[in-house]
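Just so you know, all these numbers are worked out from the coordinates, no wet-lab data involved. Computed from a predicted structure; not experimentally measured. Cβ sites come from the backbone with ideal geometry, for glycine too, and all protein chains shown count toward neighbours.
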Amino acid sequence: MNRTDRPNILWISLEDTTPRFGCYGDPIARTPNIDRLAEGGCRFPNAFSTAGVCAPSRSAIITGMYQTSIGTHHMRTGHSNKNAPNMATPYSAVPPPYVKTFTEYLRAAGYYCTNNSKTDYQFTPPITAWDDNSNNGHWRNRDEGQPFFSVFNPTVTHESGMWDRGDRPLTTNPDDVELPSYLPDTPKARKALARQYDNLATSDARVGELLDQLEEDGLAENTIVFLWSDHGEGLPRGKRWPYDAGIRIPLIVRWNGELTPDSDTDQLVSLIDLGPTVLSLCGVQIPQHIQGQPFLGPQKVERDYIFATRDRYDESYDMIRAVRDKKYKYIRNYYPEKPYLLWIPYRNRHPVMQEMWRLHAEDKLEGDQLTMFRYPRPTEELYDVENDKFELNNLAEDASHTDILQRMRNTLTDWQSEFGDMGDISEEQMVASWHPNGVQPQTASPIFIPINASNPGREPASESGEWEAPLLLQLHCSTHGASIAYTMEQGEDVQWKLYTEPLHILKGETTVRTKAIRIGYKESEENTLNVSVL
């Protein structure tokens with residue numbers, strides 16, 4: 001595939017969003033731009049995240065690896081918690097050395113890769129992941145004719161957008177919204193959900209701006225547009241849980257000439273499939289370690305199951321594993337003795353959560369509204385998700401579903417065996433193996449090797465030197481799994497390029513600056529070589 005033939009890719013990544021869009025049949029939604037995108041593309045109603053919370057999910061998306069297989073399954077690893085001082089946080093997760101952000105493979109293939117600008121990967125984004133990872137990231141800053149992969153992250157639909165801050169008039173009428181039966185139906189709860197509809201309308205306007213910019217730049221025909229959310233909605237029993245309310249996400253793809261406009265498919269898709277799908281569509285080889293699989297294009301693989309997890313989220317430890325096909329969901333609770341509503345202060349700020357606790361204290365909850373207060377948890381849950389969309393009728397002890405229960409049990413166990421499950425290891429042990437004596441390892445600084453000098457490739461170059469033209473300069477880092485970035489620009493605000501092959505240094509004076517980074521390690525010290533080529 002020639003550089004000019006390669007498609008451009010645009011990702012629009014929402015937060016904390018279930019498919020409350022007009023194009024998904026929601027009559028309250030005000031989403032004309034998202035609906036416009038769907039009119040030109042395909043909806044995937046059976047799309048799911050690998051976790052019901054952002055950072056574990058986003059780590060799976062950016063690496064193409066299940067969070068439980070690379071140690072990114074706990075939520076909030078990157079900051080200390082005054083409420084839980086004995087936890088292993090803060091730390092940056094250290095995946096196996098061969099794990100990269102999939103964007104590095106795109107950059108190596110000549111793509112201009114930008115992220116604007118949320119990351120939240122459970123590790124510090126390596127300098128080699130993006131050409132531009134900032135609020136200014138945009139395809140418009142690429143070289144002329146260069147194919148691009150650009151990500152935009154409207155964050156207004158985050159769970160916190162439903163909090164009552166007392167300063168925002170509502171456009172959505174709270175009387176019009178419909179809460180799931182397991183949540184209290186009160187004015188305060190309705191207002192919270194109405195705010196979500198308002199925030200979706202705000203995000204929709206941003207979607208419209210991006211689609212219009214593609215049109216203005218003459219790029220719409222050769223750009224594949226993906227719109228998705230990092231996990232499901234920020235309501236109780238949604239966000240942080242592997243129920244469909246927490247992991248079912250909107251997914252719309254517009255691929256002109258390849259996907260039927262205004263169509264939908266019941267194909268199962270996991271967000272872990274996004275990265276390998278993009279690599280495949282861009283003609284980039286998919287590394288064998290990647291665990292997701294393309295869901296579009298010539299390398300498309302149909303899924304039979306999707307998988308989801310829950311582990312330590314903020315202050316509270318838990319462990320749940322789930323598998324779903326098109327009809328059934330199986331959930332395994334590793335701590336059935338724990339209550340559903342563990343202490344998570346951030347979640348407790350949600351107006352609907354506050355209503356749940358208030359009404360529970362007043363003994364006013366009834367029926368399905370008591371679901372999250374039942375104790376103990378079942379060790380296993382099985383739901384017919386086709387006929388029980390809120391997953392309230394547990395069929396695990398129903399004799400007529402014994403065969404289905406066993407099949408789903410075996411499927412989940414086989415998945416854990418195939419991909420590994422670091423939930424079996426305590427977080428303290430895991431972090432100790434990454435940070436010996438509590439010290440985060442640092443990537444070694446790259447060295448410079450003049451491979452066509454008089455003593456070719458045997459000794460690194462010192463801080464400066466003179467060579468005859470042309471000079472081939474190889475960069476090397478001794479840290480296993482490290483990627484190398486370089487630049488020949490000066491100053492702080494420079495564009496660091498991904499090193500993939502020896503640098504061709506021509507006549508004159510040149511300064512080469514390098515850094516190296518392995519995911520989870522500290523970035524190396526910068527190394528500089530002043531080159532004089534005669």
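Quick rundown of the values:
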{"read-out": "Highest average packing first - 515-525, 236-246, 54-64, Cβ atoms within 10 Å", "value": "54-64, 236-246, 515-525"}
{"read-out": "Cα-derived Rg over Rh, computed across segment 125-171 with Rh taken as Kirkwood radius", "value": "1.19"}
{"read-out": "Residue-wise HN-Hα coupling along segment 383-396, computed from phi with Karplus coefficients 6.51, -1.76, 1.60 (Hz; x: Gly, Pro)", "value": "10, 8, 6, 5, 10, 9, 5, 8, 6, 10, 9, 6, 9, 4"}
{"read-out": "Relative packing of peptides 88-96, 472-480 - highest average C-beta neighbours within 10 Å first", "value": "88-96, 472-480"}
{"read-out": "Computed E for Asn256/Thr500 - FRET, C-beta separation, R0 41 angstrom, nearest 0.05", "value": "0.85"}
{"read-out": "Asp363 versus Leu179: modelled label distance in nm, points set 7 Å from Cα along the beta carbon direction", "value": "2.1"}
{"read-out": "Relative contact order %, segment 133-248, counting alpha carbon pairs below 8 Å whose residues are six or more apart", "value": "20"}
{"read-out": "Whole-angstrom gap from segment 98-170 to segment 19-84, using each part's C-alpha centre", "value": "14"}
{"read-out": "Long-range HN-HN contacts of Ser445 with modeled amide H, under 5 Å", "value": "Glu525"}
{"read-out": "Under the Karplus curve 6.51 cos²θ - 1.76 cosθ + 1.60, θ = phi - 60°, whole-Hz ³J(HN,Hα) for segment 190-195, x wherever Gly or Pro sits", "value": "5, 4, 4, 5, 4, 4"}
{"read-out": "Highest to lowest packing among 316-323, 25-32, scored as the average C-beta count within 10 Å", "value": "316-323, 25-32"}
{"read-out": "Residue-by-residue Karplus 3J(HN,Hα) for segment 487-500, coefficients 6.51, -1.76, 1.60, Hz, glycine and proline x", "value": "8, 10, 9, 10, x, 8, 8, 10, 9, 8, 9, 7, 7, 10"}
{"read-out": "Other-chain or far-sequence residues with amide H under 5 Å of Asn115's (modelled H)", "value": "Asp132, Asn133, Ser134, Val151"}
{"read-out": "Under 5 Å, built H, 5+ apart or other chain: amide partners of Leu14", "value": "Trp228, Ser229, Asp230"}
